[in-house]
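Reviewing the structure listed below.
The values are calculated or read from the model by the stated rules, or taken from the named source; none is laboratory data. Here the structure is a predicted model, which is why all the values come from computation and not from measurement. Virtual Cβ from ideal backbone geometry, glycine too; neighbours counted across all protein chains shown.
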Amino acid sequence: MVPSGSPRHTHWFRIGDLELLVVSDGVMRQDAGAVFGLVPRIMWEPYAGPLDEQYRMALGLNSLLVRAHGKTILIDTGTGAKGSRAPGAVSTESSGKLLANLAAGGIRPEDIDIVVNTHLHFDHAGGNTRTEAGRPVPAFPRARYLIQKGEWEAATHPNERTRGTYLAENIEPLADARQVEQVQGEVQVVPGVRLTPAPGHTEDHCIVELESGGDYAIYVGELAQHPVMLERLAWISAFDVLPLVSLETKRRLTEKAIEKRATLISVHAAYPGLGRLRAEDSKRRWEALKANGADA
C-alpha cells in the first residue's frame, strides 16, 4: 500500500496499479445491541464507543472509489442525502455526504462509470439515487450499476423482515433508467477488481477483492459491522439473515486475508476504515492502518 497526500475525507492510496480513494458518506447511529447480536453487552460494550441516549453506536459509512483500466468505479454509496425513511431507531442525521466528499476528491457524478453494490440495504445503496424535481433519479447518470441477481430479487420482493431496509427509492429509479446490470456469482469488474459472493448478511451479499502487483485488498461490505467482529468469528450481527453461513464466510475470508496480508476496507469502522488482520497465538488481531494523518 503506497499512500499519497489527501484531504481528511478523501483518502487516496494504491494497490499495485489500482488507484483507490476511501470516501465517507458520514456517520449513522444504530442500536448497539442489534449490531452485536447475541454477544452479551458486558463483552461488546468496550468496543462500541460512546452510546447516545437511545443506546446507539456510531458506524462509519466508507465507500471506495477505484480508478483502473480507464474506468472509475464506486463501491457502495452510503445512506444518500434524500432524507429517506431509515429503519427502526437508526439515525442518519450525520450522513448523506458522499457526493460532497467525492467532489472534494475532484470526482463528479458523471465521472463514475460503474457502481458496485455489495448488497442493497439502505446504508449501502441509499446514495444510488438523488432527488431531482421532487423524485428520485440515478445519482450517477452514466454509470452501470452492478448488482447480484439474487440480491435484486430480494430487494424488489421484500418480506416482513427486510422491507424496512430495502427501500424502493434506492433501486427502482435505476431500473427505470435501464442502468442496472444484474450479475451472478464471481464477476471481474475490470482486471484486478473482482465481485465475490460472501453470503450470510444476505443470501447474495458480496465483497470486492482488489489484486494488483502482488498487493491484495478486500472491501468487506457487511462481512462485519465492527473490526472486532473480524477477530471473533462468533460475533455476528442480529442483522445477518444467515448467521451460521456468515460464520463460515468470515472464517474463509479472514484466513485468506491473513495469508495474503490483505489491506481491509471496513465499511462501518471509523474513517478511513483501513486495517489488516494478523494471526497471534492462534487468534486474529485487527491492526488499524494510518496514513496521511487520517484517524484510523
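Checked against (1) assigned to a loop (DSSP other than H, G, I, E, B); (2) at pLDDT below 95, R284 passes all but a single condition, namely (1).
This table checks each residue for (1) under 26 Å from P191 (Cα atoms); (2) at pLDDT below 95; (3) acidic (D, E).
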position: G16; (1), (2), (3): yes, yes, no
position: F36; (1), (2), (3): no, no, no
position: G80; (1), (2), (3): no, yes, no
position: V90; (1), (2), (3): no, yes, no
position: G105; (1), (2), (3): yes, yes, no
position: R108; (1), (2), (3): yes, no, no
position: G126; (1), (2), (3): no, no, no
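Residue count for region 101-112 under the criterion of being surrounded by fewer than 20 Cβ atoms within 10 Å (Cβ to Cβ) and within 16 Å of G60 (Cβ to Cβ): the result is 0.
E186 meets the conditions (1) of a type in the set (D, E, K, R); (2) buried (at least 22 other Cβ atoms within 10 Å of the Cβ); (3) in contact with a Leu (Cβ under 9 Å, 6 or more places away or on another chain) in every case but one. The failed one is (2).
Could you look through region 26-46, keep only residues that are hydrophobic (A, V, I, L, M, F, W, C) and part of a strand (DSSP E or B), and pick out the one that is nearest to F122 (Cα to Cα)? Only one residue fits best here, namely M28.
State all residues of region 97-112 that are part of a helix (DSSP H, G or I) and either more than 21 Å from R178 (Cα to Cα) or in contact with a strand residue (DSSP E or B) (Cβ under 6 Å, 6 or more places away or on another chain) (or both); if no residue qualifies, say none.
Here is the first cut: in region 97-112, the residues part of a helix (DSSP H, G or I) are 98-104, 109-111.
Within region 97-112, L98, L99, A100, N101, L102, A103, A104, D111 meet the criteria.
Every residue, every condition in (1) in contact (Cβ under 8 Å) with a residue 60 or more places away in the chain; (2) among the aliphatic types (A, V, I, L, M), yes or no:
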{"position": "F239", "(1), (2)": "yes, no"}
{"position": "V245", "(1), (2)": "no, yes"}
{"position": "K250", "(1), (2)": "no, no"}
{"position": "T254", "(1), (2)": "no, no"}
{"position": "E259", "(1), (2)": "no, no"}
{"position": "I265", "(1), (2)": "yes, yes"}
{"position": "H268", "(1), (2)": "yes, no"}
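Take G164 and decide whether it is small (G, A, S), out of contact with any Asp or Glu (no Cβ under 9 Å at 6 or more places or on another chain) and in a loop (DSSP other than H, G, I, E, B). Can you show your working first?
Numbers: small (G, A, S): yes; out of contact with any Asp or Glu (no Cβ under 9 Å at 6 or more places or on another chain): yes; in a loop (DSSP other than H, G, I, E, B): yes.
The answer is yes for G164.
Could you list, in sequence order, the residues of region 128-179 that are farther than 26 Å from L242 by Cα and free of Cβ contacts under 8 Å to residues at least 40 places away in the same chain? Please lay out each step first, then the result.
First, pick out the residues of region 128-179 that are farther than 26 Å from L242 by Cα: 129-144, 173-179.
Answer for region 128-179, where residues must be farther than 26 Å from L242 by Cα and free of Cβ contacts under 8 Å to residues at least 40 places away in the same chain: E132, A133, G134, R135, P141, R142, R144, A175, D176, R178.
If you go through region 161-180 and keep only what is loosely packed, with under 14 Cβ neighbours inside 10 Å and either among the β-branched types (V, I, T) or under 14 Å from T202 (Cβ atoms) (or both), you end up with R161, R163.
Can R142 be described as farther than 22 Å from V193 by Cβ, outside any helix (DSSP H, G or I) and basic (K, R)?
Numbers: farther than 22 Å from V193 by Cβ: no; outside any helix (DSSP H, G or I): yes; basic (K, R): yes.
Here the answer is no, as R142 does not meet what is asked.
Just so you know, in region 113-133 the residues that are over 24 Å from L223 (Cβ atoms) and touching a strand residue (DSSP E or B) at 6+ places or on another chain (Cβ under 9 Å) include one that is surrounded by the fewest Cβ atoms within 10 Å (Cβ to Cβ), and it is T131. S237 falls short on exactly one of the conditions (1) surrounded by fewer than 18 Cβ atoms within 10 Å (Cβ to Cβ); (2) of a type in the set (S, T, N, Q); (3) assigned to a loop (DSSP other than H, G, I, E, B); (4) at pLDDT 95 or above, and that condition is (1). Total residues in region 193-208 satisfying the condition of being surrounded by 21 or more Cβ atoms within 10 Å (Cβ to Cβ) and not hydrophobic (A, V, I, L, M, F, W, C): the figure is 5.
Here is the figure for region 65-99: residues that are within 18 Å of the chain's Cα centre (by Cα) and surrounded by fewer than 24 Cβ atoms within 10 Å (Cβ to Cβ) total 12. Each residue in region 65-96 was checked for being assigned to a loop (DSSP other than H, G, I, E, B) and in contact (Cβ under 8 Å) with a residue 60 or more places away in the chain, and 11 pass. Candidates are the residues of region 204-230 that are of a type in the set (D, E, K, R) and under 16 Å from the mean Cα position of the chain (by Cα); the one that is farthest from T118 (Cα to Cα) is E209.
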